[in-house]
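Enquirer: Handing you this structure, nothing more for now.
The values are calculated or read from the model by the stated rules, or taken from the named source; none is laboratory data. Everything quoted here is computed from the prediction, not taken from an experiment. Ideal geometry is used to build each Cβ from the backbone, glycine not excepted, and the neighbour counts take in all protein chains shown. Note: areas computed on protein heavy atoms with side chains; ligands, DNA, RNA excluded. Shrake-Rupley method; radii C 1.70, N 1.55, O 1.52, S 1.80 Å.
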Amino acid sequence: MRTFRRVCVYCASSNQVAEHWRQTARAMARCLAQQGIGVVFGGGSVGLMGALADAALAEGVEVIGVIPKKLMDLELGHRGVTELVVVDTMHERKHRMAELSDAFVALPGGWGTLEEIFEVTTWTQLGYHEKPVGLLNAGGYYDHLITFLDHAAELGFIRPAHRPILQASADPDELVDQLRRVVLPQLDGAVLRGPAGP
Ligand code: AMP
């Protein structure tokens, strides 16, 4: 079983979503805090990011935000977090967030969230790190994506041995438990290269 010091939570910057999605972000924050796990996030105070950070801070855990200078105004850089790391580029942001974290979770989100969770999934696939990754499938938000990923694995575009890298659960506690337990595939040239499909 893995232990986590900090988990990176990717989440929507949009404010145009129903209130219950903010409750989802708060539930994720409380779940991590109750297990003494700190939070790494995008550093903004808009959208689900703000709800997550505020709830985690209220629980008294460490909250580290990582935000590019350019987005400090756009995403209203959160001034109340334990540490706000201001970086120059998006790439630096993602790199720092990954470095600081032991696992990754995507809450419901848009382009940015999807891009971020898939990037760290590919880093696990390629052995750049050995950290588990999960989707919080609250309210079935990711149902269609999960169906698509299973389809991609059936067709061999996602190697079946790599499909478990991206876990999913609708429940925060269950998801964190899955991330603690999941057996990640070892980087294996044989899996990466073949065998040939039917
Ligand atoms: P979104 O899911 O589109 O609301 O974006 C969520 C977070 O991802 C926001 O903090 C965005 O700034 C961030 N984001 C958007 N695009 C990217 C990207 N290409 N790389 C890293 N972060 C991004």
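Enquirer: Which of the residues spanning the stretch 71-107 are near the ligand (Cβ under 9 Å from one of its atoms) and over 24 Å from Arg2 (Cα atoms)?
Expert: Leu71, Leu74, Glu75, Met90, His91, Arg93
Enquirer: Right, something else. For the subset of the stretch 44-65 comprising residues that are touching a Phe, Trp or Tyr at 6+ places or on another chain (Cβ under 8 Å) and part of a strand (DSSP E or B), which member is surrounded by the most Cβ atoms within 10 Å (Cβ to Cβ)?
Expert: Val63
Enquirer: Which ones in the stretch 135-149 are open to solvent by less than 40 Å² (accessible area, probe 1.4 Å) and assigned to a loop (DSSP other than H, G, I, E, B)?
Expert: Asn137, Tyr142
Enquirer: Taking only the stretch 1-25 into account, find how many residues are more than 15 Å from the chain's Cα centre (by Cα) and assigned to a helix (DSSP H, G or I).
Expert: Within the stretch 1-25, the first condition is being more than 15 Å from the chain's Cα centre (by Cα), and the residues that meet it are 1-3, 14-23.
Keeping just the survivors that are assigned to a helix (DSSP H, G or I) gives 19-23.
Total satisfying the criteria: 5.
Enquirer: Right, something else. Considering each residue of the stretch 108-128, count those that are more than 9 Å from the ligand (Cβ to nearest atom), touching a residue at least 24 places away in the same chain (Cβ under 8 Å) and part of a helix (DSSP H, G or I), and give that number. So that I can check it myself, show each step before the final result.
Expert: Our first condition is that a residue be more than 9 Å from the ligand (Cβ to nearest atom); within the stretch 108-128, this holds for 117-118, 120-128.
So of that shortlist, the ones also touching a residue at least 24 places away in the same chain (Cβ under 8 Å) come out as 117, 120-121, 123-127.
Then keep just the ones that are part of a helix (DSSP H, G or I); that gives 117, 120-121, 123-125.
Final tally of qualifying residues: 6.
Here is a yes/no grid of residues against (1) of a type in the set (D, E, K, R); (2) within 16 Å of the ligand (Cβ to nearest atom); (3) open to solvent by 60 Å² or more (accessible area, probe 1.4 Å):
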residue	(1), (2), (3)
Val133	no, yes, no
His151	no, no, yes
Pro160	no, no, yes
Ala168	no, no, no
